[in-house]
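Below is one structure, written out as structure tokens, with a few remarks after it.
Just so you know, all these numbers are worked out from the coordinates, no wet-lab data involved. Note that the structure is predicted; figures quoted are calculated from it, not measured. All Cβ positions, glycine included, derive from the backbone under ideal geometry; neighbour counts span all protein chains shown.
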DNA sequence: CTCCAATTGTCGGCTTGCCGACAGACCGCA
DNA sequence: TGCGGTCTGTCGGCAAGCCGACAATTGGAG
């Protein structure tokens with residue numbers, strides 16, 4: 001079950017250790033919290049791996065935004081896509097231009113499989129997103145998100161599943177394609193129905209996971 | 001400007017002529033009008049090229065559908081994506097399983113570039129779609145569609161640009177992510193404003209292309 | 001501890017677009 | 001030339017969710 005919170009499992013980092021020579025193609029870069037890493041207007045295309053921190057991939061149009069994905073340590077991304085990339089916190093990435101990456105590809109053909117894999121996952125992710133936007137209402141999209149987050153980073157306790165989202169209401173809204181207010185509304189509905197509970201600003205306790213599963217199944 | 005009506009320019013067909021040996025990996029198949037070519041439940045992944053006819057790539061959920069793309073002669077597609085593929089009319093395609101395609105890739109590395117290109121275009125297309133669904137209302141999405149279609153298959157005449165869509169109202173609705181009724185509504189608004197005119201059921205005359213361009217620019 | 005800034009909750013009005021229903025138009029076919 | 005099936009136009013009611021406004025809460029920084 002692919003998930004917005006994790007873009008790619010292709011473990012490129014291990015490749016670095018296997019072939020240190022290969023690593024020389026990549027140059028490390030640092031970005032401070034909230035700075036722009038890449039904008040679709042730039043000509044250069046890049047391939048990069050996240051070494052630490054968190055990044056946000058998003059679309060912008062007029063004064064609206066939509067978050068496509070969040071990247072964490074180990075995730076791979078290619079700016080084949082006309083989207084913005086922003087550091088959410090202090091972040092270090094290893095960059096390579098697609099040009100030189102292409103050359104590396106030629107020398108080590110098995111790399112192209114990695115490339116195809118990454119693009120494939122990106123594509124999968126987008127289609128998932130389209131499905132959400134085209135077919136599901138906000139409530140259901142939120143449920144999907146919660147289930148995904150739970151599966152991905154949930155810690156099971158006696159009370160239920162604790163999920164450290166690391167995201168505020170607004171952030172969730174951007175990820176789901178709606179407004180802060182609507183998310184707030186729905187989450188509090190869930191809390192009133194005793195399905196959810198707030199641990200602190202950015203972490204939730206899912207008290208009844210099955211209930212959510214069912215909402216997902218039964219239309 | 002990428003367009004829903006045309007998925008890929010990667011001219012794989014020419015490769016066939018260049019290397020007839022390569023062609024033996026592909027087996028031709030015929031499909032009758034309205035038959036299902038591929039469903040996401042199948043295990044097998046495929047790569048194929050359209051030789052004649054038209055195909056529709058779509059998502060389905062409960063009793064709704066959403067058309068991701070239409071394919072025509074020369075277009076390449078890979079079922080890396082969990083979507084349905086349906087023949088809109090009598091159609092012939094050349095199929096290859098991704099497995100054997102992978103082997104071919106190994107032998108002819110330059111092919112992987114084609115693969116990356118195809119996936120990249122698919123991705124581009126998806127993101128375009130997400131942008132539409134997330135940011136634009138139906139009217140604007142329709143305008144985008146019309147402009148794209150005009151650029152792609154429009155014939156310029158004294159009256160304006162004639163576009164043979166080959167699609168009915170319902171088909172357009174599925175492509176845009178709305179209902180038949182809403183499309184009908186908006187198109188007739190445009191006709192009343194003298195921006196559009198119906199030639200016959202499936203072809204339109206765009207009388208004022210610039211007006212549409214402007215609607216697109218100015219929010 | 002206190003205060004400020006940012007985040008979150010809540011409300012009502014308003015718009016978009018869905019849905020069901022039905023009427024009319026069109027097309028191929030016998 | 002009439003018939004049946006399909007496609008298209010149009011209406012009214014209705015629900016989802018956006019938006020602006022404002023209040024309440026919270027968490028840090030000093």
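Data for the structure
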| quantity | calculated |
| --- | --- |
| 0 to 90° range, to nearest 10: angle between helix A:98-107 axis and chain A longest Cα axis | 70 |
| Residues B:88, A:142 arranged by fewest to most Cβ contacts within 10 Å | B:88, A:142 |
| Cβ neighbours within 10 Å from other chains - mean over A:117-130 | 6 |
| Most mobile listed residue (A:155, A:139, A:51) in chain A, GNM with C-alpha springs under 10 Å | A:155 |
| GNM flexibility winner over chain A from A:181, A:197, A:164 (Cα, springs under 10 Å) | A:181 |
| Listed residues B:132, B:166, B:177, most fluctuating in chain B (Gaussian network, C-alpha, under 10 Å) | B:166 |
| Per-selection Kirkwood Rh - the protein assembly as shown (Cα, Å, 1 d.p.) | 23.7 |
| Within chain B, helix-based [θ] at 222 nm, where runs of 4 or more DSSP H residues each add -39,500 (n - 2.57), nearest 500 | -13000 deg cm²/dmol |
| Copy-to-copy label separations for residue A:182, where each label sits 7 Å from Cα toward Cβ, in nm and ascending | 1.2 |
| For segment B:86-181: Kirkwood Rh in Å [reciprocal of mean 1/r, alpha carbons] | 16.6 |
| Cα centroid separation - segment A:142-203 against segment B:104-155, whole Å | 33 |
| Exam field: residue A:36 pseudo-label spacings to other copies (7 Å along Cα-Cβ), nanometres | 4.6 |
| Quotient of C-alpha Rg and 2.2 N^0.38 Å, computed over segment B:136-217 | 0.98 |
| Helix B:110-135 axis, angle to chain B major axis (alpha carbon atoms, nearest 10°) | 30 |
| Crossing angle, helix B:138-153 versus chain B [Cα axis fit, 0-90 degrees, rounded to tens] | 60 |
| Residue order, fewest to most surrounding Cβ atoms within 10 angstrom, among B:65, A:214, B:217 | B:217, A:214, B:65 |
| Viscosity 1.567 mPa s, temperature 4 °C, Stokes-Einstein D of segment A:12-134 from Kirkwood C-alpha radius, µm²/s | 85 |
| Range of Cα positions in chain A per principal axis (Å), largest first | 57, 41, 32 |
